[in-house]
Amino acid sequence: MSESAKLLDGKALAKRVLAELGGRVQACTAAGRTPCLAVVLVGDDPASKIYVRSKERKAASVGIETRDHRMPATTSTEALLERIAELNADESVHGILVQLPLPAGVDERRVLEAVDPRKDVDGFHPDNLGLLMLGVPRFVACTPQGCMRLIAASGIELSGKRALVIGRSNIVGKPVAQLLLQQNATVTIAHSRTADLEAEVRGADVVVAAVGRPELVRGEWIKPGAVVIDVGINRVDAGGDKPKLVGDVAFEAAAARAGWITPVPGGVGPMTIACLLANVVEAAEAASS
Ligand code: NAD
């Protein structure tokens, strides 16, 4: 098989998702309830600042209001919990996003559990993760949701297919595995202690890589025709003045074998933001019913 994979273009798909959201935002706004996302950023992590800015910019582009809550790196867990309680009580706020990672010393678990599950547009609250596990999801975490929308765009019928998720984090690996299971795929989760990753990849019709190791998955491991979703975002030194972004999959070699593949950047990243905003609109719509 020397034919090249078709690109799963996350940028283009995200554009379509956002265009569809625009109409729903207008309807909410006309009903006097402009969808509103509170963005809580604690500390000065440069990558977090960039992520937050691009989420806010995209939100504005479809008419979603955002409210910035910047707090210093010295913020205590208690002070952050207080802020969350205020946002939970504020009826004009439909979604609350607490940008991760939180500074060391802040109890992340307590903070995420404090967010009202009906405003938990990141889908990290135990109630929402539990509902996902039960097969009746409310808010599905944005990156896993983005992965599923990209897989759907490939047109692959997941039922009975072998799906491999590499990585078992609570925010990507575990939820995406649940979503694949709900679509009747036969799901394997590989992780840092998996004995033979190559063999797992070779047998997979769908590979979702969420590890954070540049080009861990070699192109020649990919089963011909497989769908490859690369969640990883790794900055590597490419000799220039700026680091190069690469995924967890060796793109060129994988693209020579895969049926469909996401690029990095321009694959899962834009879909993550689009799905976050979809959750905000859903929260605003649900608040009225
Ligand atoms: P994480 O560090 O929480 O989890 C990484 C997982 O990889 C762990 O479960 C670990 O068991 C597994 N792992 C480590 N080494 C391995 C190996 N050699 N073989 C197999 N598995 C191994 O990371 P995360 O938060 O899930 O993020 C993963 C990657 O996805 C990162 O690069 C992150 O930047 C990226 N990410 C991208 C988006 C996006 O919107 N595109 C969103 C979230 C995360």
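The values are calculated or read from the model by the stated rules, or taken from the named source; none is laboratory data. On a predicted model such as this, the values are computed, not experimentally measured, just so you know. All Cβ positions, even for glycine, are placed from backbone atoms using ideal geometry, and neighbour counts span all protein chains on display.
Remarks
- Some residue of the range 193-200 being in a loop (DSSP other than H, G, I, E, B), among the basic types (Lys, Arg) and away from the ligand (no atom under 16 Å from the Cβ): no
- In this structure, Ala286 does not qualify as more than 9 Å from the ligand (Cβ to nearest atom), assigned to a loop (DSSP other than H, G, I, E, B), aliphatic (A, V, I, L, M) and in contact (Cβ under 8 Å) with a residue 60 or more places away in the chain.
- Of all residues in the range 202-247 being within 12 Å of the ligand (Cβ to nearest atom) and either over 24 Å from Ala177 (Cβ atoms) or at pLDDT below 95 (or both), the one that is surrounded by the most Cβ atoms within 10 Å (Cβ to Cβ): Leu245
- Some residue of the range 261-281 being free of Cβ contacts under 8 Å to residues at least 40 places away in the same chain and out of contact with any Leu (no Cβ under 7 Å at 6 or more places or on another chain): no
- Candidate set: the range 29-46, residues that are closer than 18 Å to Pro72 by Cβ and not β-branched (Val, Ile, Thr); chosen: the one surrounded by the fewest Cβ atoms within 10 Å (Cβ to Cβ): Pro46
- Strands (runs of 3 or more DSSP E) lying entirely in the range 12-103 (those with 3 or more residues that are touching a residue at least 40 places away in the same chain (Cβ under 8 Å)): 36-42, 95-98
- Test: residue in the range 169-187 that is farther than 26 Å from Phe124 by Cβ and within 14 Å of the ligand (Cβ to nearest atom): no
- Residue within the range 158-168 that is outside any strand (DSSP E or B), within 10 Å of the ligand (Cβ to nearest atom), among the basic types (Lys, Arg) and touching a His at 6+ places or on another chain (Cβ under 8 Å) present: yes
- Annotation: of all residues in the range 258-289 being more than 18 Å from Leu150 (Cα to Cα) and modelled with pLDDT of 95 or more, the one that is surrounded by the most Cβ atoms within 10 Å (Cβ to Cβ) is Val280.
- Meets criteria (more than 16 Å from the ligand (Cβ to nearest atom) and either closer than 24 Å to His191 by Cβ or outside any loop (DSSP other than H, G, I, E, B) (or both)) for Glu252: yes
- Leading residue by the ranking (nearest to the chain's Cα centre (by Cα)) among those in the range 1-53 that are farther than 30 Å from Glu82 by Cβ and of a type in the set (D, E, K, R): Lys11
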